[in-house]
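A.B. asks: First the structure, which I've put down as structure tokens, then a few questions once you've had a look.
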Amino acid sequence: MLSRRRFLGHTALQAASALGLSGFSLNGQAASSRVFSESLAQPRAALGSLGRVPAIVIGTGYGGAVTALRLAEAGVPVVMLEMGQLWTQSAADGSIFTKTLSPDGRSMWFKDRTEAPLKTFLGLDVINKRIPRYAGVLDRVNFDEMSVYVGRGVGGGSLVNGAMAVTPPRGYFEQMLPEVNADEMYARYYPLANGLLGANHVDPSWFEKAECYRFARVSRDQAHQTGLKTVFVPSVYDFKYMAAEQAKQVPRSALAQEVIYGNNAGKLSLDKTYLADAVGTGRVTIYTLQQVRRIEQQANGDYLLSVRAIDAYGNVLADVQVSCGHLFLGAGSLGTTELLLRARETGTLPRLNSAVGEGWGHNGNVMAARANHLWNPTGAIQSTMPAMGINDWDNPVNPVFAEITPLPTGFENWVSMYLAITRNPERGRFVYDPATDSARLKWTRAQNATTVNAAKSLLDRINRKQGTIYRTDLFGGGKVFADDFCYHPLGGCVLGKATDNIGRVKGYERLYVTDSALIPGSIGVNPFVTITALAERNVERIIAQDLR
Ligand code: FAE
């Protein structure tokens with residue numbers, strides 16, 4: 001059931017976009033007089049005029065959203081700074097977001113051409129298109145030997161991700177985060193996170209007959225014939241809405257090739273859950289198109305932030321400063337790590353320890369695809385939201401959790417595609433590059449060997465059993481394993497190393513990391529439920545110990 005608070009917050013987020021506000025909060029007066037309209041969003045003073053505020057959260061992804069909500073509930077007014085846009089209003093074409101195969105400026109963050117995970121089809125350069133440079137929703141950050149996809153906008157990665165809401169196997173969680181009490185995580189914080197995020201399960205009987213999951217059933221049956229186990233994967237995409245899409249009762253989103261450039265319906269992105277709740281408290285102000293560039297500490301212990309405001313075309317509007325008593329970094333593994341690394345290396349936060357920038361991993365991500373026989377069609381209509389995975393995580397030699405992903409071209413393509421999550425112990429590190437004033441990721445292609453070998457051993461088994469082969473025409477250059485990009489950046493400011501056991505940054509007081517930067521490079525499943533649950537755990541303790 002939608003709570004009144006969530007309804008008010010969600011309506012305010014829509015109104016703010018309709019009114020073109022870059023700084024807004026809930027209009028408490030309009031809310032109490034029950035005028036539910038555009039007046040629910042209240043414009044706020046320009047960021048540069050705020051001076052000092054009690055608490056700032058940088059970034060509006062999972063870690064940031066949880067933190068803002070819980071601080072606000074505890075009575076702390078919160079300012080959230082987000083470099084991307086608010087995505088709650090349709091553009092002139094009637095849609096908020098674009099479809100995967102018809103991108104425009106809204107699709108990517110200041111690129112001249114889209115950089116989709118799939119480079120070619122049948123070896124042809126038909127997937128990526130020229131687009132105008134604009135503050136679009138998906139970014140691909142290209143480092144030397146690894147590219148990282150991230151979401152940009154109010155809701156961060158939740159705007160562009162595949163919605164798979166997976167809780168890791170407890171044994172692996174304990175191995176990766178031994179200093180976190182797993183009893184508490186599995187009894188309290190995981191259920192809390194799953195509940196607020198809106199994780200739901202596909203109805204197995206509907207799944208068996210749904211046209212849009214034929215691709216998944218084909219891969220499942222082949223996995224079973226190979227002696228492998230499969231599991232359903234929970235999602236924050238509303239499976240009831242998807243069933244209505246399949247029945248042609250509602251506008252199609254997952255069934256209309258919408259995912260990496262955003263979903264126009266069906267998905268519970270953070271602006272519909274945690275952020276709506278946070279704004280609904282009336283204590284959270286969100287500023288969009290504001291990129292935090294520098295953090296320093298003032299003599300009184302407050303933090304001073306240098307922030308660049310841009311418009312959606314990238315024109316610089318202002319460089320301003322704002323200070324706060326408590327600072328929470330939720331800019332994601334890349335964003336948070338870059339801010340702290342720059343601060344340490346340029347001397348604005350010189351006491352940050354040497355663990356900042358270390359312990360980065362891509363959660364063992366690799367994609368690959370197989371070509372099926374003609375008698376095994378995978379379906380012209382495919383849901384963009386995966387609902388099943390091959391679970392071979394207990395394999396003692398090559399543990400793999402391989403999600404069965406769609407290839408929604410809109411016509412039959414006989415492809416079985418997978419996003420494999422593997423157990424790769426390799427870690428990368430970030431170094432500060434003064435020439436570009438940015439963090440560079442030190443990760444080599446060779447570090448992917450474990451990941452590729454594990455995925456290959458699983459898919460080779462299926463190919464052998466089915467008498468099928470790999471597709472070599474999708475990832476460019478005849479590549480079979482897409483080992484040059486990832487969706488799950490983790491680490492850089494690892495819990496217990498760069499921070500204490502609840503995310504307080506070592507060397508400083510009132511400075512916290514709240515997001516995927518805390519997780520040490522691997523968690524065995526898609527990470528956002530863990531990021532959310534860990535943020536819930538940490539902020540509860542921070543509020544009790546540092547803010548009461
Ligand atoms: P994130 O959600 O990345 O939010 C960080 C926010 O901070 C962003 O909105 C940035 O624009 C903003 N930001 C960064 N730097 C600055 C700055 N300097 N100033 C102001 N704002 C800034 O962080 N995970 C799953 O569990 N299931 C999936 O199915 C899944 N599919 C994915 C598919 C794609 C295409 C992608 C890209 C990711 C996927 N992920 C999935 C990963 C998941 O979205 C990601 O782990 C989380 O979004 C990370 O959450 P954080 O809170 O760390």
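The values are calculated or read from the model by the stated rules, or taken from the named source; none is laboratory data. It should be emphasised that the depicted structure is a prediction, and the values quoted were computed from it without experimental measurement. Ideal geometry is used to build each Cβ from the backbone, glycine not excepted, and the neighbour counts take in all protein chains shown. Note: areas computed on protein heavy atoms with side chains; ligands, DNA, RNA excluded. Shrake-Rupley method; radii C 1.70, N 1.55, O 1.52, S 1.80 Å.
A.B. asks: Give me a comma-separated list of calculated 3J(HN,Hα) values for region 498-509, in order, Karplus coefficients 6.51, -1.76, 1.60 applied at θ = phi - 60°, integers in Hz, x for any Gly or Pro.
C.D. replies: Values, residue by residue: 6, 10, 7, 6, 10, x, 6, 5, 5, x, 9, 9 Hz.
A.B. asks: Count the net charge of all other residues whose Cβ sits under 10 Å from the Cβ of residue 189, scoring Lys and Arg as +1 and Asp and Glu as -1.
C.D. replies: -1
A.B. asks: Continuing with the same structure: Restricting to DSSP H runs of at least four residues, report the calculated mean residue ellipticity at 222 nm for the chain, -39500 (n - 2.57) per run over all residues, nearest 500 deg cm²/dmol. Don't skip to the answer; put the middle values down first.
C.D. replies: Values: 12 runs with 127 residues, N = 548.
Rounded to the nearest 500, the figure is -7000 deg cm²/dmol.
A.B. asks: By how many degrees, 0 to 90 and rounded to 10, does the Cα axis of helix 4-18 deviate from the longest principal axis of the chain?
C.D. replies: For 4-18 against the chain, the angle is about 90 degrees.
A.B. asks: Sticking with this one: Based on the Kirkwood radius over alpha-carbon pairs, what is the Stokes-Einstein translational diffusion coefficient of region 63-132 at 25 °C with 0.890 mPa s viscosity, in µm²/s? Walk me through the numbers on the way to the answer.
C.D. replies: Details: Rh = 15.2 Å.
In µm²/s, the coefficient rounds to 162.
A.B. asks: Also, quick follow-up: Ratio to report: Rg/Rh of region 104-158, with Cα atoms as the point set and Rh obtained by the Kirkwood method; give two decimals.
C.D. replies: 0.99
A.B. asks: What ranking, highest mean first, results for peptides 405-413, 232-240, 86-94 when packing means the other Cβ atoms within 10 Å averaged over each residue?
C.D. replies: Going from most to least packed, we get 232-240, 405-413, 86-94.
A.B. asks: Considering Cα pairs under 8 angstrom that are at least six residues apart, work out the relative contact order of region 75-155 and quote it in whole percent.
C.D. replies: 32
A.B. asks: Using the Kirkwood radius over Cα pairs, work out the Stokes-Einstein diffusion coefficient for region 407-548 at 4 °C and 1.567 mPa s, in µm²/s as a whole number.
C.D. replies: For these conditions, the coefficient is 71 µm²/s.
A.B. asks: Give me the percent of Cα-Cα pairs in region 416-466 that sit more than 12 Å apart, rounded to a whole number.
C.D. replies: Of all Cα-Cα pairs in region 416-466, 72 percent lie more than 12 Å apart.
A.B. asks: Counting just the Cα atoms, what span does region 242-320 cover along each of its three principal axes? Round to the nearest Å and put the largest first.
C.D. replies: 62, 32, 17
A.B. asks: If you average the sequence gap of Cα pairs under 8 Å that are 6 or more apart and divide by the length of the chain, what percent do you get for the contact order?
C.D. replies: Worked out over the chain, it gives 21 percent.
A.B. asks: Taking the solvent-accessible surface of protein heavy atoms with a 1.4 Å probe, what is the per residue accessible area of region 163-273 in Å²?
C.D. replies: 40
A.B. asks: Convex hull over the Cα atoms of region 117-226, averaged projected area in nm²?
C.D. replies: 12.2
A.B. asks: OK, next. Could you work out the equivalent-ellipsoid semi-axes for region 338-466, taking the square root of 5 times each eigenvalue of the Cα gyration tensor, largest first, in whole Å?
C.D. replies: In descending order the semi-axes read 39, 18, 11 Å.
A.B. asks: Turning to a different aspect of this structure: Under a crude label model (7 Å from the Cα following the beta-carbon direction), how far is residue 250 from residue 102 in nanometres?
C.D. replies: For the pair residue 250/residue 102, the computed spacing is 2.1 nm.
A.B. asks: Let a ≥ b ≥ c be the square roots of the eigenvalues of the Cα gyration tensor of region 56-193; is it rounded (a/c under 1.5), or, if not, prolate (a/b larger than b/c) or oblate?
C.D. replies: On the way: a/c = 2.47, a/b = 1.51, b/c = 1.64.
Judged from the Cα gyration tensor, region 56-193 comes out oblate (a/c at least 1.5, b/c at or above a/b).
A.B. asks: Go through 125, 437, 139 and list them by solvent-accessible area, largest first, probe radius 1.4 Å.
C.D. replies: Largest accessible area first, the list is 125, 437, 139.
A.B. asks: Among 239, 200, 165, whose Cα sits farthest toward the positive end of the charge dipole of region 163-296 (+1 at Cβ of Lys/Arg, -1 at Cβ of Asp/Glu, about the Cα centre)?
C.D. replies: 239
A.B. asks: Per residue, what accessible area does region 410-548 have, given a 1.4 Å probe and all protein chains present, in Å²?
C.D. replies: 34
A.B. asks: Show me, for region 457-464, the HN-Hα J-couplings you get by feeding each phi into the Karplus relation (A = 6.51, B = -1.76, C = 1.60, θ = phi - 60°), rounded to Hz, glycine and proline as x.
C.D. replies: So the Karplus estimates, Gly and Pro as x, are 5, 5, 6, 4, 4, 5, 4, 4 Hz.
A.B. asks: Sticking with this structure for a sec: Between region 397-424 and region 232-262, what is the separation of their alpha carbon centroids in Å?
C.D. replies: Going from one Cα centre to the other spans 19 Å.
A.B. asks: Additional query: At 1.4 Å probe size, with no ligands or nucleic acids counted, give the accessible surface of residue 385 in Å², nearest ten.
C.D. replies: 0
A.B. asks: Which whole-number percent of Cα pairs in region 32-99 have a distance greater than 14 Å?
C.D. replies: 73
A.B. asks: Just to confirm the filter: which trypsin sites (Lys or Arg not before Pro) across region 22-71 are DSSP coil and have at most 12 other Cβ within 10 angstrom of their Cβ?
C.D. replies: Of the trypsin sites (Lys or Arg not before Pro), the ones in loops of region 22-71 whose Cβ has at most 12 other Cβ atoms within 10 Å are 34.
A.B. asks: Hey, what D do you get for region 136-190 in µm²/s if you plug the Kirkwood alpha-carbon radius into Stokes-Einstein at 20 °C and 1.002 mPa s? Show your work: numbers first, answer last.
C.D. replies: Values: Rh = 13.8 Å.
Diffusion coefficient, whole number: 155 µm²/s.
A.B. asks: Which whole-number value in Å² is the accessible area per residue of region 303-375, probe 1.4 Å?
C.D. replies: With all protein chains present, region 303-375 gives 33 Å² per residue.
A.B. asks: Additional query: Quick one: with all protein chains in place, what share of the accessible area of region 368-476 is carbon or sulfur, to the nearest percent (1.4 Å probe)?
C.D. replies: 58
A.B. asks: Hull surface divided by four, with the convex hull built on the Cα atoms of the chain: how many nm²?
C.D. replies: Here the figure is 23.6 nm², rounded to one decimal.
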